[in-house]
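Following: one structure in structure tokens, then a few remarks.
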Amino acid sequence: MTFRARLLLGFGAVVLVPLTVFGLRIRAVMADRLTAEYQQRVSALVRVIRADLDQRSGGIALRLAALRDAIAQDNRFRSAVLQGGERTYLLDYAGDAMRLAGLSLLQIQDETGRIVSSGHFRNEYDQSDPALPRLLAAAPAGTALVEARGAEAPFLALARVDSLRLGPGGRRFTLVGGIAVDSTFLARLTPDSELSVAVRLPPDTASGTDPATQVVNAVAVPFVTAGDSARLVPARIVVSHSLASLVALRRGVAVSFFVAVLVTGLIALLLASWLSTRISRPLTALAAKTADVDMDRLDVAFDSDRSDEIGALSHLLAAMTERLRAGAARLREAERRLAMGDLARQVNHDIKNGLIPIRNVFRHLGQAAGESPDRLAAAFRDRQATVESSISYLENLASNYARLYPQPARESCDVNAVVRETISRVSNTGQAELRLELADGLAPARTDALVLRRILDNLIGNAVDSLAARAGRITVSTGVNREGGVRITVADTGTGMTKEELNRAFDDFYTTKPGGTGLGLSIVRRLVLDANGALRVETEPGTGSTFIVELPGEGA
């Protein structure tokens, strides 16, 4: 991404992100506060409805008490219900009393539940409905909603129950009275046009409103179901407040905010484009000059007559190029010296590995001559092959290093023979037991015998050093890997390596041995890679290490 594009994006982010956060926050706070206000209004109306229901229930109770006293003093009604006769009077009595009392529902029953007079529906005369008074009496506060039959259509009423006794025997009569809960009743409770009240009867007791568009609350009211299985169930008077005005307000705020963001973003982009052009044009020219600078071309001129930061950067680049020209000459000389030093250390390390067997042979000859001069010739014959092998090894090293880098030959190599030859030259292992486990009929590997011998010399030497002159075991084994190549394993029971030591084991000049050069494993790794092989290490502190070398087979 170019600097100009980043500057444009940065300007856009600096301007638009705070504006967006501010607008969204204002919109959210506005919506939360209005919604909270609507909830308070709904909750207040719920409290008003609850208080109004209690007041109306008390009014119904007073009216029923007045009717109860009036009936007790009405000798004609008492004679009609106790002695029979005057059926017309009974049919009309509840209707007249209901209108005088200001009720919408009035029903008089005897002790058996037979309706002796009904004001809201005359045809209920002589029918039986004993469950209604019982359920009303069991309702909380003695008040419940009742679905009553009317002359034109059923209607919903808020009803209570009262009773009286007539005659010498004290026959008990029940009064069920109530007022209609109709649209007029509900409209009187909602003076605000944005508030609505609805009655939800079982089984539809859900609010029936969408919380995303309305704020809802409800008043629980008991309801007496109709029919033979009449029972008392909960109903709800639902109060809701429309969020239409809030939705419209949010939509208006969103449109205004979008326009403001669009205009602000356009202004910010124009300003950023102008500013980025003034900044990026000289920087682009400076970058083009800088791109021409490399170690072989340090004569690029960074002259500038500007007095601002870009001019200062040009002067710094010019000074840096001058320092690079001086440093490049020193670096080439240092690299030449470093390469020669690295080569000298490798030559020293490999020659030491070749001289160790010769030194051991001469120690053996000196020991034999000191014990018995007659044994000197026999000892020389026994160790002559080791001396000649070591001298041949050193001659090959000298020939290869004369070309500054050993060039491995890609030829067939008898791995088992090289392992035996290398082991035969190892005469000083202290208390360690040196064990060979060579696979029979092992196919040749496609590598240089000298390279393989250098690998084994370093790995076996490291294994001997890891035992630290303690008793232990070094096992050298050969086999076939999964790809058909040759696998060589050098395992020891020495000190092993920690994770930190393993991570640095193949670094140049890293060693944990006093007087070590730190090149053994580094040389092994390079030689294995040059032979298209692979090197793995399995180690555990206090248990030992296993080095696994895999080389390609002859057919690879």
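Taking the condition surrounded by 12 or more Cβ atoms within 10 Å (Cβ to Cβ) and modelled with pLDDT under 90, does Leu404 pass? So Leu404 does not fit the description; no.
Can you spot a residue in region 437-450 that is hydrophobic (A, V, I, L, M, F, W, C), within 25 Å of Pro541 (Cα to Cα), without any contact (Cβ under 8 Å) to a residue 60 or more places away in the chain and touching a helix residue (DSSP H, G or I) at 6+ places or on another chain (Cβ under 9 Å)? Taking every residue of region 437-450 in turn, none turns out to be hydrophobic (A, V, I, L, M, F, W, C), within 25 Å of Pro541 (Cα to Cα), without any contact (Cβ under 8 Å) to a residue 60 or more places away in the chain and touching a helix residue (DSSP H, G or I) at 6+ places or on another chain (Cβ under 9 Å). Of all residues in region 217-241, count the ones that are among the basic types (Lys, Arg) and over 20 Å from Ala180 (Cβ atoms). Counting residues in region 217-241 that are among the basic types (Lys, Arg) and over 20 Å from Ala180 (Cβ atoms) gives 1. Residues in region 162-189 that are free of Cβ contacts under 8 Å to residues at least 40 places away in the same chain, of a type in the set (A, V, I, L, M) and either under 26 Å from Arg76 (Cβ atoms) or not in a loop (DSSP other than H, G, I, E, B) (or both): Leu186, Ala187.
Taken as a whole, the structure leaves Ala72 outside the set of residues that are assigned to a helix (DSSP H, G or I), out of contact with any His (no Cβ under 7 Å at 6 or more places or on another chain) and free of Cβ contacts under 8 Å to residues at least 24 places away in the same chain. Exactly one residue out of Arg50, Arg27 is under 32 Å from the mean Cα position of the chain (by Cα), within 30 Å of Glu194 (Cα to Cα) and among the basic types (Lys, Arg): that is Arg27. Criterion applied to Leu313, Leu338, Leu343, Leu331 was being in a helix (DSSP H, G or I), modelled with pLDDT of 70 or more and not assigned by TED's automatic domain parsing to the domain that holds Asn458, and the one residue passing it is Leu313.
Which of the residues that make up region 479-512 are more than 19 Å from Leu527 (Cα to Cα), hydrophobic (A, V, I, L, M, F, W, C) and modelled with pLDDT under 90? Of everything in region 479-512, just one residue is more than 19 Å from Leu527 (Cα to Cα), hydrophobic (A, V, I, L, M, F, W, C) and modelled with pLDDT under 90, namely Met497. When the test is whether a residue is in contact (Cβ under 8 Å) with a residue 24 or more places away in the chain, out of contact with any Ser or Thr (no Cβ under 7 Å at 6 or more places or on another chain) and either surrounded by 13 or more Cβ atoms within 10 Å (Cβ to Cβ) or on the phi > 0 side of the Ramachandran plot (or both), Asp192 does not pass it. Kindly check whether there is at least one residue in region 27-48 that is at negative phi and in contact with a Phe, Trp or Tyr (Cβ under 8 Å, 6 or more places away or on another chain). Checking region 27-48: at least one residue is at negative phi and in contact with a Phe, Trp or Tyr (Cβ under 8 Å, 6 or more places away or on another chain). Taken over region 236-261, the criterion of being free of Cβ contacts under 8 Å to residues at least 12 places away in the same chain and either assigned by TED's automatic domain parsing to the domain that holds Ala31 or of a type outside the set (Lys, Arg) (or both) is satisfied by Ala248, Gly252, Val255, Ser256, Phe258, Val259.
Pairs are defined by a Cβ separation below 9 Å, a sequence spacing of at least 6 or placement on different chains, a first member in region 530-545 that is assigned to a strand (DSSP E or B), and a second member that is aliphatic (A, V, I, L, M) and exposed (fewer than 15 other Cβ atoms within 10 Å of the Cβ); the pairs so defined are Leu535/Leu529; Ser545/Val537. Taking Val146 as the residue in question, decide whether it is in contact (Cβ under 8 Å) with a residue 40 or more places away in the chain and surrounded by 13 or more Cβ atoms within 10 Å (Cβ to Cβ). Yes; evaluated as a whole, the condition is true for this residue.
Residue pairs whose Cβ atoms lie under 7 Å apart, sitting 6 or more positions apart in sequence or on different chains, and linking a residue in region 96-116 that is closer than 14 Å to Gly59 by Cα to a partner that is surrounded by fewer than 17 Cβ atoms within 10 Å (Cβ to Cβ), are Ala101/Ala66. Does Arg526 qualify as being without any contact (Cβ under 8 Å) to a residue 12 or more places away in the chain and either under 46 Å from the mean Cα position of the chain (by Cα) or under 27 Å from Gln431 (Cα atoms) (or both)? It is true that Arg526 is without any contact (Cβ under 8 Å) to a residue 12 or more places away in the chain and either under 46 Å from the mean Cα position of the chain (by Cα) or under 27 Å from Gln431 (Cα atoms) (or both). Give me the residue from region 473-509 that is in contact with a helix residue (DSSP H, G or I) (Cβ under 7 Å, 6 or more places away or on another chain) and closer than 19 Å to Glu421 by Cα and, out of that set, surrounded by the fewest Cβ atoms within 10 Å (Cβ to Cβ). Ranking the candidates gives Thr478 first.
Can you confirm whether Ser242 is surrounded by 16 or more Cβ atoms within 10 Å (Cβ to Cβ), among the polar types (S, T, N, Q) and farther than 30 Å from Leu136 by Cβ? Taking the combined requirement at face value, the residue satisfies it.
Answer yes if at least one residue in region 144-153 is under 21 Å from Arg76 (Cα atoms), in contact with a strand residue (DSSP E or B) (Cβ under 6 Å, 6 or more places away or on another chain), assigned by TED's automatic domain parsing to the domain that holds Leu62 and hydrophobic (A, V, I, L, M, F, W, C), and no otherwise. Scanning region 144-153 turns up no residue that is under 21 Å from Arg76 (Cα atoms), in contact with a strand residue (DSSP E or B) (Cβ under 6 Å, 6 or more places away or on another chain), assigned by TED's automatic domain parsing to the domain that holds Leu62 and hydrophobic (A, V, I, L, M, F, W, C). Taking the numbered list (1) free of Cβ contacts under 8 Å to residues at least 60 places away in the same chain; (2) farther than 30 Å from Gln109 by Cα; (3) not acidic (Asp, Glu) in turn, Ala31 passes all entries but (1).
The values are calculated or read from the model by the stated rules, or taken from the named source; none is laboratory data. Quantities reported herein were computed from a predicted structural model and do not represent experimental measurements. Cβ sites come from the backbone with ideal geometry, for glycine too, and all protein chains shown count toward neighbours.
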